Amino acid sequence: MESQGHDALACSEVFELLSDYLDGSLAPEDCERVRRHIHDCAPCVEFLESLRQSVSLCREYGSIERPAPLSPDVRERLMELYRRATHQE
Amino acid sequence: MDRQQEIDLARAVLGGDTAAFDQFVELYRTKIFQYSYLMCGQREDAEEVSQDTLLKVFENLNQLREPERMKAWVFRIAKNACLMKRRRSIFAPKYELSLEDLMPPGEWHDGERRLEIADWKNLPDAEYLAREMSGALRKAIAELPEIYRSVVLLRDLEEMTTEEAAEILDLSIDAVKTRLHRGRLAIRKKLDDYLRTAERV
């Protein structure tokens, strides 16, 4: 439900702030305004949950695609550069 | 491997610990490959980017002092290597995403009504679902316009901070936040479409 009052946020304004809200990166007063709005707004609660789940899925995403095994030549070249950079030769 | 373990590994490598070398190479080879595969869209490009990035990392390793900065430094090199390959990218939509288009239809102004979206409240846990939906998720990420995809990959897949992503991509903090939000909304929308189709089936 759209909150009433001069500092109340509309759904569309809340919609813009949801990533920052999820990341905990809103200023305390904005965070409180979002919290007040979603407390009374079923569609925003529902949408927030879908966004939160979607972000969790991205965090859990582990590609099954792997690079081809490292060739011994390349490993040797990398090791040579590494020894040089760390003054081991 | 969590953030602290990554920093400890970077510290060991910077300190000349050759025992840490192979673990470091494998970790970043895989990370850079997966990032660049989603950025460039081609396996062979991603293989080249991960190899070229590591060569550059070890060539310039003595420029880096702080282990805390290792991951962002490596990814910045990888991002530049990806840009060199962009001409061959199959994913190049250049359009911008508007918030309006990403807002699902439904009764936003009636707090009692449901939106026209999937039932996200009763899904299996994220780890299981991420495996089940790996193909749909990959497609949703790959189809994002590049300016959003690069931010989502660093912030949500690699779980870097906003500041790190801004440094890697030469963007302001506000630009990273704006693009992340739009990118997340676009992925949510695609996954929502996928789940609703699955529900219907």
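Every number here is computed from the coordinates shown, using simple stated rules; none is lab data. Fair warning: this is a prediction, and the values are worked out from it, not measured in the lab. When we count neighbours, we look across all protein chains shown, and the Cβ atoms used for this are built from the backbone with ideal geometry, even at glycine.
Worth a mention:
- Residue within region B:117-125 that is in contact with a strand residue (DSSP E or B) (Cβ under 9 Å, 6 or more places away or on another chain) and either assigned to a loop (DSSP other than H, G, I, E, B) or on the phi < 0 side of the Ramachandran plot (or both) present: yes
- Candidate set: region B:171-195, residues that are away from chain A (no Cβ under 11 Å) and farther than 16 Å from B:Glu96 by Cβ; chosen: the one surrounded by the fewest Cβ atoms within 10 Å (Cβ to Cβ): B:Ser172
- Selected residue [under 23 Å from B:Arg138 (Cα atoms) and more than 16 Å from the chain's Cα centre (by Cα)] from B:Met39, B:Met1: B:Met1
- The helices (runs of 4 or more DSSP H) falling completely within region A:1-79 include none with 3 or more residues that are in contact with a helix residue (DSSP H, G or I) (Cβ under 9 Å, 6 or more places away or on another chain) and touching a residue at least 60 places away in the same chain (Cβ under 8 Å).
- Search result, residues across region B:153-180 that are more than 15 Å from B:Lys31 (Cβ to Cβ) and within 13 Å of the chain's Cα centre (by Cα): B:Thr161, B:Thr162, B:Leu169, B:Val176, B:Arg179, B:Leu180
- Within region A:22-47, the set of residues being under 17 Å from the mean Cα position of the chain (by Cα), crowded, with 16+ Cβ neighbours inside 10 Å and more than 10 Å from chain B (Cβ to nearest Cβ) comprises A:Leu26 only.
- Output for region B:156-201, where each listed residue is under 24 Å from B:Gln34 (Cα atoms), free of Cβ contacts under 8 Å to residues at least 60 places away in the same chain and not in a helix (DSSP H, G or I): B:Thr161, B:Asp170, B:Leu171
- Scanning region A:76-87 for residues that are closer than 19 Å to B:Ala10 by Cβ and surrounded by 14 or more Cβ atoms within 10 Å (Cβ to Cβ) yields A:Leu78, A:Met79, A:Leu81, A:Tyr82, A:Arg83, A:Arg84, A:Ala85, A:Thr86.
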